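Participant: Below you'll find the structure I mean.
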Amino acid sequence: MLTTVARALRGSKSITWRSLSTTSCLSAHDVSSDKVPYYTKPMYYDSRALPLPDVPFVSELTPQQKALKEKEAGSWIQLTKEEKVALYRLHFNKSYTEMKQGSPSEWKTIVGVVCYFVAFTGLYFLWQRIYVYGPVPHTLSEDYIAMQTKRMLDMRVNPVTGFSSHWDYEKNEWKK
């Protein structure tokens with residue numbers, strides 16, 4: 001597609017063929033160069049989702065590690081347990097169980113996040129109470145509720161199983 005655009009614009013004097021060509025940029029993408037920036041290279045990281053990273057944990061080996069790598073090419077029966085663990089640690093920083101274990105202070109982070117959200121929610125409700133909702137209606141005052149209860153008893157609302165069935169009209173008090 002780029003070539004068709006370039007051919008269509010070939011006659012234009014403001015855009016040249018060289019500015020639209022991708023072949024002029026190939027020298028900039030030379031992978032074999034030693035001057036490749038470090039951030040373009042694959043990096044090691046521990047992940048439970050991808051337990052096999054692209055690169056080994058140790059990239060530059062010491063002389064002892066190089067000798068151990070040469071010994072690795074031979075029989076693994078001759079390797080000691082410590083040497084096998086050292087070879088494993090050359091490739092991986094943590095084992096899968098160590099990645100799953102988590103840190104001992106992980107609970108502090110969880111408690112902190114929960115407290116943050118509880119505080120944020122409390123401030124949100126306080127803001128709603130002050131700025132969104134109006135004043136409490138007069139029908140929720142104790143005097144109004146007492147007058148409403150008296151009126152319901154006078155009207156004998158639901159006398160069989162409801163509100164008025166719990167009122168003793170002869171003694172003028174609640175039944176026990």
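Participant: Name the single residue that is nearest to P53 (Cα to Cα) among those in segment 93-152 being without any contact (Cβ under 8 Å) to a residue 12 or more places away in the chain and in contact with a Phe, Trp or Tyr (Cβ under 8 Å, 6 or more places away or on another chain).
Facilitator: Step by step, filter segment 93-152, then rank; the result is S95.
Participant: What is the residue count in segment 101-129 for residues that are surrounded by 10 or more Cβ atoms within 10 Å (Cβ to Cβ) and of a type in the set (S, T, N, Q)?
Facilitator: 4
Participant: If you check S95, S164, which single one turns out to be within 22 Å of Y44 (Cα to Cα) and surrounded by 10 or more Cβ atoms within 10 Å (Cβ to Cβ)?
Facilitator: The match here is S95.
Participant: Name the pairs whose Cβ atoms lie under 7 Å apart, with the first residue in segment 158-173 and within 17 Å of A146 (Cα to Cα), the second among the aliphatic types (A, V, I, L, M), and 6 or more positions between them or separate chains?
Facilitator: F163/M152; F163/V157; S164/L153; S164/V157; W167/L153
Participant: Given (1) outside any helix (DSSP H, G or I); (2) of a type outside the set (S, T, Y); (3) open to solvent by less than 70 Å² (accessible area, probe 1.4 Å), identify the lone condition not met by M152.
Facilitator: Looking at each condition in turn, M152 falls short on (1).
Participant: Looking for whichever is within 30 Å of Y38 (Cα to Cα) and either at pLDDT below 95 or open to solvent by less than 80 Å² (accessible area, probe 1.4 Å) (or both) here; the options are L87, L79. Which one fits?
Facilitator: Step by step, each of L87, L79 is checked, and only L87 is within 30 Å of Y38 (Cα to Cα) and either at pLDDT below 95 or open to solvent by less than 80 Å² (accessible area, probe 1.4 Å) (or both).
The values are calculated or read from the model by the stated rules, or taken from the named source; none is laboratory data. Just so it is clear, the structure is predicted and the values come from calculations on it, not from any experiment. Note that we place each Cβ from the backbone using ideal geometry, even for glycine, and neighbour counts take in every protein chain shown. What goes into the accessible areas is simple: the full protein's heavy atoms, side chains included, and nothing from ligands, DNA or RNA. Shrake-Rupley method; radii C 1.70, N 1.55, O 1.52, S 1.80 Å.
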